[in-house]
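Rule-based calculations on the coordinates, nothing more; no lab input. Computed from a predicted structure; not experimentally measured. Because the Cβ atoms are built from the backbone with ideal geometry, glycine has one as well, and the counts that use them run over all protein chains shown.
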Amino acid sequence: MSSRLAVEIAGLKLGNPVMLASGILGSSGMTLKRVVDAGAGAVVTKSLGLEPREGYPNPTLVQVECGLLNAMGLPNPGVHCFGEEIMEAKELGVPMIVSIYGFSSGEFADVAEIAVDAGANALELNVSCPHVEKTGAEVGQSKELVAEVVNKVKNSVNKPIFVKLTPNVADIVEVAEAAVEAGADAITAINTVRAMTIDVETKTPILANKIGGLSGPAIKPIAVRCVYEIRRSVDVPVIGCGGISTWRDAVEFMLAGASAVQIGTAIAFSGLGVFKSVTEGIDAYLKEKGFRSVGEIVGLSNRD
Ligand SMILES: Cc1cc2nc3c(=O)[nH]c(=O)nc-3n(C[C@H](O)[C@H](O)[C@H](O)COP(=O)(O)O)c2cc1C
């Protein structure tokens, strides 16, 4: 792996800046290993809570124009059960970030402690899931609640805290600022965009939950704008996520201000080869343009 690609995010050393996004192939040690073998620089697990959750009935996932629409309902085995998988994944050789959610700040902190005891290298707080009540975006739409959750988790564990934000707010910058003031070590932007689709034959919404979250190429310009705005106002690394499927997309996010990127939906559309093609493409771009490291292009479009 080229040394041009190495990055350090909140003290975590990554061989390359292309990470797995939460919720796609992040549910077991075995699938995480496949993603690492495919070339990811770090992995984020599926979001875990204190108790197991079944998630919503089907349909939970549907393909729409330029992306996927999902309302999975955060199905997961619970952080206790996942402990063994985390242990297994500790041998992955790349940083493992455990994504967590809770229904109160205390619950977030409890899940954080269990995940860290099991071996998480960092935590990503999911305050942005758009389709589960009383958690996710219902927290992430209030800067006060975000600050409370970050503060509580920060005081409970001694690992880097990434905070994953929702674009479904009037001003994502004020939420990012509140998260950083409360102690966030990095911001991940963005989670899915609230959306829906309706079957014209049955005249009913297709997702069982009716409303879900849109991901994939359709949301990329929204995510780029969020990264650009956040980067201008906070001093911690921003991790870009939303619609990345080529090296050009990844470089665009970096020019907007992302220190690293995450990939989700593109794996469903193009397979795990996307990690190799994106990292190799970034490296070739850096080489061709005469840059010595990824860090040199972060935020280049964002300086005035
Ligand atoms: C099927 C599916 C499940 C997801 N589950 C989670 C999750 O558990 N936690 C989370 O923070 N984000 C979750 N996401 C959101 C992704 O991590 C990512 O933020 C979003 O899909 C945008 O990136 P992409 O366009 O590369 O997929 C999920 C997305 C999809 C498509």
_Here are the criteria: (1) crowded, with 20+ Cβ neighbours inside 10 Å; (2) farther than 23 Å from Phe162 by Cβ. Tell me which single one Ser47 does not satisfy._
(2)
*Inside segment 5-54, can you point out the residues that are touching a helix residue (DSSP H, G or I) at 6+ places or on another chain (Cβ under 9 Å), within 12 Å of the ligand (Cβ to nearest atom) and not in a strand (DSSP E or B)?*
Ala21, Ile24, Leu25, Gly26, Ser27, Thr45, Lys46, Gly49
*Of all residues in segment 242-255, how many are touching a Gly at 6+ places or on another chain (Cβ under 7 Å) and either of a type in the set (Asp, Glu) or in contact (Cβ under 8 Å) with a residue 40 or more places away in the chain (or both)?*
2
*Does segment 272-289 contain any residue that is free of Cβ contacts under 8 Å to residues at least 24 places away in the same chain, charged (D, E, K, R) and over 18 Å from Val43 (Cβ atoms)?*
yes
*Select from segment 69-101 the residues that are part of a loop (DSSP other than H, G, I, E, B) and within 16 Å of the ligand (Cβ to nearest atom) and list them in ascending order.*
Ala71, Met72, Gly73, Leu74, Pro75, Pro77, Gly78, Tyr101
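Can you give me the number of residues within segment 24-44 that are more than 18 Å from Ser99 (Cα to Cα) and surrounded by fewer than 16 Cβ atoms within 10 Å (Cβ to Cβ)? Explain how you work it out, then say what you get.
Taking segment 24-44 as the starting set, the residues that turn out to be more than 18 Å from Ser99 (Cα to Cα) are 34, 37-39.
Those left that are additionally surrounded by fewer than 16 Cβ atoms within 10 Å (Cβ to Cβ): 34, 37.
So the count comes out to 2.
Residues checked against (1) within 14 Å of the ligand (Cβ to nearest atom); (2) of a type in the set (Lys, Arg); (3) in a helix (DSSP H, G or I); (4) closer than 28 Å to Ala38 by Cβ:
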| position | (1), (2), (3), (4) |
| --- | --- |
| Pro167 | yes, no, no, yes |
| Val173 | no, no, yes, no |
| Gly240 | yes, no, no, yes |
| Ser245 | yes, no, no, yes |
| Ala250 | yes, no, yes, yes |
| Val274 | yes, no, yes, yes |
| Val278 | yes, no, yes, yes |
